[in-house]
Every structure is written in structure tokens, then in C-alpha cells.
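Here is the structure we will look at, set down as C-alpha cells.
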Amino acid sequence: MLPISTKSFTAHSDVSAGPAPMLQWLQIATLVVDPSYQRPICGRGRSNVDRIAREFNWRFFAPVVV
């Protein structure tokens with residue numbers, strides 16, 4: 001393993017990353033999806049959602065960005 005070095009990079013003081021992100025638990029009922037973007041979950045999609053829920057593992061988890 002090698003350490004990560006930033007020596008060859010120039011620091012830019014004029015760049016803003018924006019506000020810091022916040023990790024927080026949200027109630028499922030507070031989340032909404034635009035129906036013009038998300039089609040109904042039925043058939044194979046429903047089976048996939050059921051399988052994901054049944055086999056959920058935190059190792060494969062990534063937060064939803066809202």
C-alpha cells in the first residue's frame with residue numbers, strides 16, 4: 001500500500017465544496033418520487049425489491065442522496 005500524496009497538486013483557495021453533507025435517518029413516508037420519472041414497481045421489479053429487502057446486508061449499503 002502506498003500513501004496518497006498531494007505534492008504534485010496545486011491548492012485552489014477559490015473553490016468551494018458547498019455545505020457539508022448531513023447523514024440523517026428519514027421516515028419512509030417523508031420520501032416522494034416523481035411519477036413522471038419512476039414507473040410503477042410491479043412484476044419483476046416487485047420481485048427484485050422483495051429480494052433486496054429479504055437479503056439486505058449493510059456491507060452493500062449506500063445512502064440515498066436527497
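The numbers here are math on the coordinates, done by the rules we state, and not lab data. Please read all numbers here as calculations on a predicted model, not as lab measurements. Neighbour counts run over all protein chains shown; Cβ positions are idealised from the backbone, glycine included.
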Give or take rounding to whole Å, what are the principal axis extents of the alpha carbon atoms in the chain, in descending order? 53, 32, 22
The answer for chymotrypsin sites (Phe, Trp or Tyr not before Pro) in segment 5-66 that fall in a DSSP coil and have at most 11 neighbouring Cβ atoms within 10 Å is F9, W25, Y37, F56, F61
Longest principal axis of the chain (C-alpha) makes with the long axis of helix 44-54 (C-alpha) an angle, in degrees to the nearest 10, of 70
What size of dipole, in debye to the nearest 20, comes out for the chain about its Cα centre when the only charges are +1 on Lys and Arg C-beta atoms and -1 on Asp and Glu C-beta atoms? 340
